[in-house]
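Note sheet for the following structure.
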């Protein structure tokens, strides 16, 4: 128990260290651009936490990002590179929206059904990539990426065609989700909805999931196919199951966005969440607690960056630079053997004979 606590604490400190290092290097780049790092970061901080409404907006942005990152972590733990979060998000949101528009079910039944529909949409879309891998040895990076584009164009077809709001202004969007189906807001005047509890519950579930039999098998799959086979676990079944679980979480993220924020389907609904979720998952060390912290930071970065651009002359591209630096440091962390470097330094100093 103590070792587990120390491991989690080290993970939190590592995440915070990466954030601080990225911000420091970002400050140097801002200085070279002729702007003040203090002004930039103060504007960014104020934009994310300067008022109750802005803080609420950070939490709104965090909900789908954390849920998608949890899904990404499942695949990555098994060494399956699922980069199709956007497509799975879209397919989940489409099926969830279809329930509210066409089922005619009362909200008390329809809302749970819509969650299940979102899980099915995201899970099957990701599971398809898993099936292609075990059936034809198709690279999951390519298949999930291509499935992203198919989902994006399928959504475009729907909002311009069969699911377009007939009573609207001919905009590429569906009709609104009925009010009874919508996730309750914490208070009027801001967009924070009860989906925040869904994200937190899923974080807790994933903590226990990794202690379960299925979680152990997925972790085992990440150790290599030979190890998995020797342990008596079917590699093919686990690949498909892992991809399904990974995708269904992204489907849930789509459900929270449709039922809690947008209240309809529209083009660009993912806002590129899939790629950000990958960075959050890696930055969090594929650990649920680390993902929660990383998700909160990135949400604050996105919300604060938008305010920074409005309030100062500093471009929003600074946010992209900080994101890029974080990715670089994550790669460096995995590529460099810090323990070996520490030992070499110690030997040079005569501490290790």
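The values are calculated or read from the model by the stated rules, or taken from the named source; none is laboratory data. Since this is a predicted model, take the numbers as computed values, not measurements. When we count neighbours, we look across all protein chains shown, and the Cβ atoms used for this are built from the backbone with ideal geometry, even at glycine.
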query: Within segment 117-137, how many residues turn out to be buried (at least 16 other Cβ atoms within 10 Å of the Cβ) and over 16 Å from residue 250 (Cα atoms)?
result: 4
query: Picking from 252, 239, which residue would you name as being in contact with a helix residue (DSSP H, G or I) (Cβ under 6 Å, 6 or more places away or on another chain), at pLDDT 95 or above, buried (at least 21 other Cβ atoms within 10 Å of the Cβ) and over 22 Å from residue 276 (Cα atoms)?
result: 239
- request: Sort out for me the helices (runs of 4 or more DSSP H) sitting completely within segment 1-118 that have 3 or more residues that are under 30 Å from residue 141 (Cβ atoms) and either at pLDDT below 95 or out of contact with any helix residue (DSSP H, G or I) (no Cβ under 8 Å at 6 or more places or on another chain) (or both).
  value: 2-32
- prompt: Considering only segment 140-173, how many residues are within 13 Å of residue 128 (Cα to Cα) and in contact (Cβ under 8 Å) with a residue 12 or more places away in the chain?
  reply: 9
message: Could you check segment 139-164 and list, in sequence order, the residues that are closer than 21 Å to residue 275 by Cα and crowded, with 16+ Cβ neighbours inside 10 Å?
response: 140, 143, 144, 145, 147, 148, 151, 152, 155
query: Yes or no: residue 171 on the phi < 0 side of the Ramachandran plot, in contact with a strand residue (DSSP E or B) (Cβ under 9 Å, 6 or more places away or on another chain) and surrounded by fewer than 17 Cβ atoms within 10 Å (Cβ to Cβ)?
result: yes
message: Anything in segment 282-296 that is assigned to a helix (DSSP H, G or I) and closer than 16 Å to residue 17 by Cα? List them, or say none.
response: 282, 283, 289, 290, 291, 292, 293, 294, 295, 296
message: Looking at (1) assigned to a helix (DSSP H, G or I); (2) modelled with pLDDT of 95 or more, which one does residue 226 not meet, given that it meets all the others?
response: (2)
- line: Within segment 255-277, residues being in a helix (DSSP H, G or I), touching a residue at least 24 places away in the same chain (Cβ under 8 Å) and surrounded by fewer than 20 Cβ atoms within 10 Å (Cβ to Cβ) number 2
field: residue 134 vs. criteria more than 29 Å from residue 57 (Cβ to Cβ), in contact (Cβ under 8 Å) with a residue 40 or more places away in the chain and over 20 Å from the mean Cα position of the chain (by Cα)
entry: yes
message: From the list 280, 330, exactly one residue is in contact with a helix residue (DSSP H, G or I) (Cβ under 9 Å, 6 or more places away or on another chain), under 23 Å from residue 77 (Cβ atoms) and at pLDDT 90 or above. Which is it?
response: 280
message: Please count how many residues of segment 232-254 are assigned to a helix (DSSP H, G or I) and more than 19 Å from residue 73 (Cβ to Cβ).
response: 3
- prompt: Cβ-Cβ below 6 Å, separation at least six or inter-chain, first residue in segment 34-61 and closer than 24 Å to residue 280 by Cα, second not in a helix (DSSP H, G or I): which pairs?
  reply: 40/314; 43/312; 53/190; 56/190; 56/192; 59/192; 60/191; 60/192
query: In the set 85, 92, which member is surrounded by 23 or more Cβ atoms within 10 Å (Cβ to Cβ), within 22 Å of residue 149 (Cα to Cα) and within 11 Å of the chain's Cα centre (by Cα)?
result: 85
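Residue by residue, here is whether (1) surrounded by 13 or more Cβ atoms within 10 Å (Cβ to Cβ); (2) part of a loop (DSSP other than H, G, I, E, B); (3) under 25 Å from the mean Cα position of the chain (by Cα) holds:
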residue	(1), (2), (3)
166	no, yes, no
180	no, no, no
187	no, yes, no
191	yes, yes, yes
198	yes, no, yes
201	no, no, yes
